[in-house]
Amino acid sequence: FSVNPKEVAVKFGSTATFEVTLHIAKPFHVNAHEPGDEYMIPLKLSLTGCEGLKLTAAYPKGEAYKGELAEGTIFIHSGVVTIPVRIEQTGKFTGTPRVSITYQTCTDKECLEPKTELLGVRIVADR
């Protein structure tokens with residue numbers, strides 16, 4: 001994963017933006033945010049550790065995929081995928097914000113255990 005920029009500043013009533021880029025090596029793919037199958041672990045960005053901030057991600061839909069592990073067509077990401085992210089200060093800011101990504105890496109034959117990892121972005125907000 002890569003994050004650009006690595007630091008964003010946000011003030012009350014305004015937003016800041018950054019991008020998360022996934023580099024998915026062949027033969028792997030990750031499930032899209034809305035994979036289309038309730039048993040598939042979706043790609044998800046989360047903001048934790050603080051109050052007064054809201055994260056909104058503009059997840060790409062993904063590409064349609066039919067494989068052995070899914071019933072019907074699901075949506076996945078492969079190769080390079082960029083997710084635009086917006087942070088908004090909605091109230092009094094407290095805490096230490098952390099942005100994490102949850103994903104499940106799969107091949108045509110198997111899925112690995114889902115993972116959640118912290119992303120290297122620093123969020124500065126008015127206290």
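For the range 4-32, enumerate the residues that are more than 22 Å from THR90 (Cβ to Cβ) and either out of contact with any Cys (no Cβ under 8 Å at 6 or more places or on another chain) or open to solvent by 70 Å² or more (accessible area, probe 1.4 Å) (or both). Break it down stepwise before answering.
Of the residues in the range 4-32, the ones more than 22 Å from THR90 (Cβ to Cβ) are 4, 6, 21-32.
Passing the criteria: ASN4, LYS6, THR21, LEU22, HIS23, ILE24, ALA25, LYS26, PRO27, PHE28, ALA32.
Residue check: is ARG127 over 17 Å from ASN4 (Cα atoms), open to solvent by 20 Å² or more (accessible area, probe 1.4 Å) and among the basic types (Lys, Arg)? Break it down into steps so the answer makes sense when it comes.
Working: over 17 Å from ASN4 (Cα atoms): yes; open to solvent by 20 Å² or more (accessible area, probe 1.4 Å): yes; among the basic types (Lys, Arg): yes.
Against the criterion (over 17 Å from ASN4 (Cα atoms), open to solvent by 20 Å² or more (accessible area, probe 1.4 Å) and among the basic types (Lys, Arg)), ARG127 qualifies.
Scan the range 1-55 residue by residue and report those that are β-branched (Val, Ile, Thr) and either touching a residue at least 60 places away in the same chain (Cβ under 8 Å) or outside any strand (DSSP E or B) (or both). Full working, then the answer.
Initial filter on the range 1-55 (β-branched (Val, Ile, Thr)): 3, 8, 10, 15, 17, 20-21, 24, 30, 41, 48.
If the condition is that a residue be β-branched (Val, Ile, Thr) and either touching a residue at least 60 places away in the same chain (Cβ under 8 Å) or outside any strand (DSSP E or B) (or both), then VAL3, VAL8, VAL10, THR15, THR17, VAL20, THR21, ILE24, VAL30, ILE41 are the ones that fit.
Anything in the range 75-125 that is in a loop (DSSP other than H, G, I, E, B) and over 29 Å from GLU38 (Cβ atoms)? List them, or say none. Before you say what the answer is, go through the steps one by one.
We begin by selecting, within the range 75-125, every residue in a loop (DSSP other than H, G, I, E, B); these are 78, 104, 107-110, 112-114, 119-121.
Of everything in the range 75-125, those that are in a loop (DSSP other than H, G, I, E, B) and over 29 Å from GLU38 (Cβ atoms) turn out to be GLY120, VAL121.
What's the number of the only condition in (1) touching a Ser or Thr at 6+ places or on another chain (Cβ under 9 Å); (2) within 16 Å of VAL8 (Cα to Cα); (3) modelled with pLDDT of 95 or more that GLY120 fails to meet?
That leaves (3) as the condition not met.
In the range 106-124, what residues are farther than 17 Å from SER2 by Cα and open to solvent by 20 Å² or more (accessible area, probe 1.4 Å)? Spell out the reasoning first.
Applying the first criterion (farther than 17 Å from SER2 by Cα) to the range 106-124 yields 106-114, 124.
Listed by number, the residues that qualify are THR107, ASP108, LYS109, GLU110, CYS111, LEU112, GLU113, PRO114, VAL124.
The values are calculated or read from the model by the stated rules, or taken from the named source; none is laboratory data. Predicted model only: the values in this text are computed from it and were never measured. Glycine also receives a Cβ, built like all others from the backbone with ideal geometry; neighbour counts cover every protein chain displayed. Heavy atoms of the whole protein, side chains included, go into the accessibility calculation; ligands, DNA and RNA do not. Shrake-Rupley method; radii C 1.70, N 1.55, O 1.52, S 1.80 Å.
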